[in-house]
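The values are calculated or read from the model by the stated rules, or taken from the named source; none is laboratory data. Bear in mind that the values here come from a model prediction, so they are computed numbers and not experimental data. For neighbour counting, all protein chains shown are included, and Cβ atoms are generated from backbone atoms with ideal geometry for every residue, glycine included. Protein only, heavy atoms only, side chains kept; ligands, DNA and RNA dropped before computing areas. Shrake-Rupley method; radii C 1.70, N 1.55, O 1.52, S 1.80 Å.
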Amino acid sequence: MSRRYFGTDGVRGAYGGPVVNEPFFARLGAAAGAWAGRRGAVLIGRDTRFSGPALAQALGRGLGAAGLEPRSLGVLPTPAVARAVREAGAVLGAVVTASHNPAGDNGVKFFQADGRKLADEEEARIEALLPEEPPAGPSPALAESRGALEAYVAAVSGLLPAGALRGWTVVLDTAHGATAETSPLVLQGLGARVIALGGAPDGRNINAGVGSEHPEALAARVAAAGARLGVAHDGDGDRCILCDELGAVLDGDEILTVLALDALERGALPANTLVVTVQSNLGVDAAVAAAGGRVVRAPVGDRYVVERMRAEGASLGGESSGHIVCAEISPAGDGLVAALKVMEVMRRTGRPLSELRRRLRKFPQASEAVAVREKIPLERMAALGAAIREVEAALGARGRVLVRYSGTEPKLRLLVEGPEEAGVRAALVRLRTAARADGA
């Protein structure tokens, strides 16, 4: 079944547009309630965007009209909502967020009762149940469900011993988003001195030059402060980007490699398997294979990673963007959990992050997100298809090409990986030129 409104990670778009508006969210809530097919509580969290309260209220209106009991969790990171849904035995969970997108965007992610995101087929069924009009009548105030924030902070804090970060200085960038309260509470509670960036949300500054998409200020502050490391989240807290003590940024591939190699050496990586996406660098495969493990790839999107993890019996997976899933701890990507797991490795080994990261030797890679007016089917882009074939033939088994549309933005994503940087960059220019010739 095809989907019209759901993308790689829920529904997302500009607030006030044809999809992200109160009437549509009321319809979507009614459809999700009909799909759920049983009565019970629905927990709704949100990030700090100015449009969040109204959209959450509209979503709750639709869910209530379908016979469910919507309850507000207020501002809460996405992984904390997933955890709350699982722990409370709720029928459904929802987070009103547009993740790393600008403040003018918003959206919603749904979670099933076990805390996992919905599969494509389930989202398609919800779309098929969309009513033509939003439910009639006023929107009653959402009932509040308290305690989810405190429960999340307590659970995550327990990943390290009490006082484990005493003497550490950590620079923390919460992107003016949903982790502005939770992550400082956890790190300070473990004894760290926290230098805060992006910690003053006003509804319109989420992700604005801060967070995992903009780690430059984080890196500079880590180096200037002599911090042990830096941690950056995105707006809803399911991503993590790190910075070592020298001010160098680590992406998700490097974080996953640090965690996977440590687990392999301890005999603690289930199935000796790490799950990544097609976007991840080939150097990850080489590093994990050298340590006796294997890498399995999934389509881009953390829920596809989770699906493949379940199929493979794996407990660790993620994306180069910084979505890291530690399945033994959380049913969803959790940026704070990923950061704490890396800190655990640093404590156990006594090695700084700048040393731990060196075991991943990345293949030269060049990528670009090309803004497009419309998502022309790739099979109809003759020039681009020819360019892809030419580049793949030149690279052979020494590299790869990945071309796909973003599931959340109007962009064509191009990636080339190979043995030599100049050739990789030239190939990327070749692909971009061909895409433009096809009207992208």
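Accessible area per residue for segment 398-440, computed on protein heavy atoms with a 1.4 Å probe, is 43 Å². With protein chains left intact and a 1.4 Å probe, residues in segment 17-173 average 36 Å² of accessible area per residue.
Please list, or write none, the lysines whose alpha carbon is within less than 24 Å of the alpha carbon of K109, excluding same-chain residues fewer than 8 places away. Correct list for K109: K117, K375, K411. Averaging sequence separations of C-alpha pairs under 8 Å and six or more residues apart, then dividing by the length of segment 50-203, give the relative contact order as a whole percent. Relative contact order comes out at 23 percent.
Calculated [222 nm] ellipticity per residue, helices only, for the chain: -11000 deg cm²/dmol; basis is -39500 (n - 2.57) per DSSP H run with n ≥ 4, divided by all residues, nearest 500.
Computed in the context of the full set of protein chains, the accessible area of segment 335-440 at 1.4 Å probe radius has 50% of its extent on carbon or sulfur.
Considering only E132, E87, E181, the Gaussian network model of the chain with Cα springs below 10 Å gives its largest mean-square fluctuation to E132. Rounded to the nearest Hz, the phi-derived 3J(HN,Hα) couplings of segment 223-231 under the Karplus curve 6.51 cos²θ - 1.76 cosθ + 1.60 (θ = phi - 60°) are 5, 5, 8, x, 6, 5, 6, x, 10, where x marks glycine and proline. Of the beta bridges in the chain, as assigned by DSSP with both residues counted there, near 55 percent are antiparallel. Label zone (S2, point 7 Å along Cα-to-C-beta; backbone nitrogen cut-off 18 Å) within segment 374-401: 374-381.
Counting only protein heavy atoms, what percent of the accessible surface of segment 17-100 is carbon or sulfur at a 1.4 Å probe? Reported share for carbon and sulfur atoms: 49 percent. Full extension of the segment from A271 to L130, taken as 0.36 nm per residue of separation minus the current Cα-Cα distance, would add 46.7 nm.
With contacts taken as Cα pairs under 8 Å at a separation of at least 6 residues, the chain carries a relative contact order of 13 percent.
Carbon and sulfur together cover what percent of the accessible area of segment 172-220 at a 1.4 Å probe radius?
On segment 172-220, the fraction of accessible area on carbon and sulfur atoms equals 50 percent.
Could you identify which residue out of L250, L159, L360 has the top mean-square fluctuation in a GNM of the chain using Cα springs shorter than 10 Å? With Cα springs under 10 Å in the chain, the top fluctuation among L250, L159, L360 is at L159.
Annotation: peptides 54-66, 331-343, ranked by per-residue average of other Cβ atoms within 10 Å with the highest first, follow the order 331-343, 54-66. In this simple spin-label model, placing a label point 7 Å from the Cα along the Cα-to-Cβ direction at both A386 and R347 gives a separation of 5.9 nm. Taking E254, E69 and ordering them by how much accessible surface each has at a 1.4 Å probe, largest first, produces E69, E254.
Going by the alpha-carbon gyration tensor, a ≥ b ≥ c the square roots of its eigenvalues, is the chain rounded (a/c under 1.5) or, if a/c is not under 1.5, prolate (a/b greater than b/c) versus oblate? In terms of gyration-tensor shape, oblate. The GNM of the chain, with springs linking C-alpha atoms under 10 angstrom apart, assigns the highest mean-square fluctuation among A220, A113, A314 to A220. Placing a label point 7 Å from the Cα of A290 along the Cα-to-Cβ line, the residues of segment 244-262 whose backbone N sits under 18 Å from it are 251, 253-262. Derived scalar couplings between HN and Hα for segment 294-300 equal 9, 10, 10, 10, 10, x, 5 Hz in order, rounded to whole Hz, by the Karplus curve 6.51 cos²θ - 1.76 cosθ + 1.60 (θ = phi - 60°), x for Gly and Pro. For the peptides 238-245, 75-82, residues were scored by their other Cβ atoms within 10 Å and the scores averaged per peptide; the highest-first order is 75-82, 238-245. Across segment 34-41, computed HN-Hα scalar couplings (Karplus, 6.51 cos²θ - 1.76 cosθ + 1.60, θ = phi - 60°) run 5, 5, 4, x, 8, 7, x, 7 Hz from first to last residue, x flagging Gly and Pro.
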